Each structure stands twice: as C-alpha cells, then as structure tokens.
1. Just in the range 173-237: which trypsin sites (Lys or Arg not before Pro) are loop by DSSP and have at most 15 other Cβ atoms within 10 Å?
2. When a/c reaches 1.5 or more, the comparison of a/b and b/c decides; with that in mind, is the range 1-139 rounded, prolate or oblate per its Cα gyration tensor?
3. If one takes the longest principal axis of the Cα atoms in the chain, at what angle in degrees, from 0 to 90 and to the nearest 10, does the Cα axis of helix 36-50 lie?
4. May I ask you to give the percent of accessible area on the chain that is carbon plus sulfur, with a probe radius of 1.4 Å?
5. If you put +1 on each Lys and Arg Cβ and -1 on each Asp and Glu Cβ, how big is the dipole of the chain around its Cα centre, in Debye rounded to 20?
6. How many nm separate the modelled label positions at Thr108 and Glu37, each set 7 Å beyond the Cα in the direction of the Cβ?
7. Please list Lys40, Lys159 in order of solvent-accessible area, largest first, computed with a 1.4 Å probe with all protein chains present.
8. Convert each backbone phi in the range 232-243 into a coupling constant with the Karplus relation 6.51 cos²θ - 1.76 cosθ + 1.60 (shift: θ = phi - 60°), then list the ³J(HN,Hα) values in order as whole Hz, x for Gly and Pro.
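The values are calculated or read from the model by the stated rules, or taken from the named source; none is laboratory data. Just so it is clear, the model here is predicted, and its values are computed rather than measured. When we count neighbours, we look across all protein chains shown, and the Cβ atoms used for this are built from the backbone with ideal geometry, even at glycine. In case anyone asks, the SASA skips ligands and DNA or RNA and just uses the protein heavy atoms, side chains included. Shrake-Rupley method; radii C 1.70, N 1.55, O 1.52, S 1.80 Å.
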Amino acid sequence: MSLDFCKRIPKVELHAHLNGSISEETIKKLAMKKNPELYKDWRMSVDKGKVGTIDNVFQIFKLIHQISDNTEAIYTIAYDVIHEFSADNVKYLELRSTPRDAPSMGMTKISYIEAILKAIEDCHKEKLDIVVKLLLAIDRRNDLSIAKETVDLAERYSKLSGGTVVGVDLSGDPSVGDARTLVPVLRDAKCRGLKLALHLAEVPAVDETEEMLKIIPDRIGHGTCLHPDAGGSQGLVDTVLQHRIPLVMTSSLNCMSLKPAMSHSRHS
Ligand SMILES: CNc1ncnc2c1ncn2[C@@H]1O[C@H](COP(=O)(O)O)[C@@H](O)[C@H]1O
C-alpha cells in the first residue's frame, strides 16, 4: 500500500490529541514568536524519541505545552491541525484536548475550549470538507475536583456548541496516578450522556484496568497491555470482546509503549 494511496482514501481519525497532532511547521511558527530555543529543544526531543520509549513522548508534550500556553496559539494549532487532516483527506476528525489555564498569559480553561471551538467553526465556514468533533480530556493525574470541572465543561459546551463537544477523554502519562480514583466522575459523565474514551492498559495495570472496564467505556485508547502476553489478563480481553469496545490506537506509539510495558508494574 503506497503512501499516496493512504493519503487519497477518505479516512476517519479518532485518536488525535490536539497538542500531539501539531506539525513541525506550526511548532516552528509558534516557537519563533515565543522563543526559538523551544523549537531546537523540540527537534532534539523528537530525534531522541524516534529511538526512545513512550516516556520520551511525555517529555515532548511538556515542551509543546510551553509553546501552546496562550489562547492565540491554541487557536492556531487547532486551525492548522484541522487543515492538515483535511489535506490528508480525513473526513471525520475527533480532536481531544486537556483544557489548561495559564493565568500569566490570560488563558483560562474557558478561553482554551472556546479557541478550539472557534477554529472548528472557522474551518466549517471555509467549507472544508471535514466534520470535526471535540472531546475534553481529563489528565489521569488530576484530582476529582479538576476531573469534575472538566465533565461540567464538557456538558456545558456540548449544549453551547450544538453537539460539537461529544464527550470526555481520560489520558496522561500511564505511569503516573491511579485512574480508579476518577471512576465516580467518569460514571457521572456517562449518566449525563457524554461519550467516554479512556486510555487504558498502556502499561500493565490489571487491577486498574479491570475496575475501569466496569464503566464500559465507548472506546479504549491503546489497550496495548490488555493481553496476558503483554502483562494483562484473559479476563480483560474477554470483557473487551464481550462488550465489543473498540480499541483506538496509534501503531508507532503502541510499539514504543510495549518497551516499557515489561518494566512498569503498577497496581499489580
Ligand atoms: C502516547 N499515548 C498517550 N497516552 C496517554 N495520554 C496521551 C498520549 N498521547 C497524548 N496524551 C495526552 O495528550 C496530551 C497532549 O495533548 P493535549 O494537551 O491534551 O491537547 C498529553 O499531555 C497527554 O495527557
């Protein structure tokens, strides 16, 4: 299958973290405005990441978040990302992003979300041939009150945006925190009619994953370590099959995440 063929066929993109989908061009453009050293640091981290592990990925996000610490940058990123996916012939795109504030830059979680929604709306007005939806992400290191705030925002903006915001994502460095503490908030989100996309079993975490699967999420992010051969269990595989929960994965990252899978042993 040629790259050209892959580009030409119409596609759906269901696993696009906004700050994980930025092209080099956009990073360069934003870093040059803010601090050109950030671009060089990003370039070095990406080159290192090519031979690294999943841990490098989270180092890269820390750098990107320094560049995307203001509402204008968030708008630019969302606008560029949508155009780039559209140019790759993606017809349905689900963006997910963790609302952040940066008081010194005048950015609030609300202005963050509204910047993304404005970019989606502007692309729609340009008649770009792509449908874009948004999930608001909870970082697994967040406490219950932050997670609840995100769910409240998702519900509010689901209504205000006329259905552009479709649900809630749970993501973040899988070697940090315990997602089980967030179960009550995620269950509540589901009761409020929000869709749930949960990153699960990116590293072996049988007990945590068992508990999270009881929520019966609409989608699982990665799930690389569900299988017993990768540190999971047959029970986890059976539950996913029984409820027909789709796995939404990124092939290159999944290869990376299998490397530390054998060394991480949380919650076991
Ligand atoms: C490698 N697999 C992964 N596993 C878990 N979480 C991931 C991820 N890749 C990305 N993120 C989550 O997405 C954020 C960046 O985009 P936003 O700032 O939200 O737009 C990261 O900080 C992390 O929380």
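1. Filter output for the range 173-237: Arg192, Lys214.
2. Oblate, since a/c reaches 1.5 and b/c is not below a/b.
3. 30 degrees
4. 57 percent
5. Dipole size: approximately 300 debye.
6. With each label point 7 Å from Cα toward Cβ, the separation is 3.3 nm.
7. The ranking, largest first, comes out as Lys159, Lys40.
8. x, 8, 5, x, 5, 4, 4, 4, 5, 5, 4, 8
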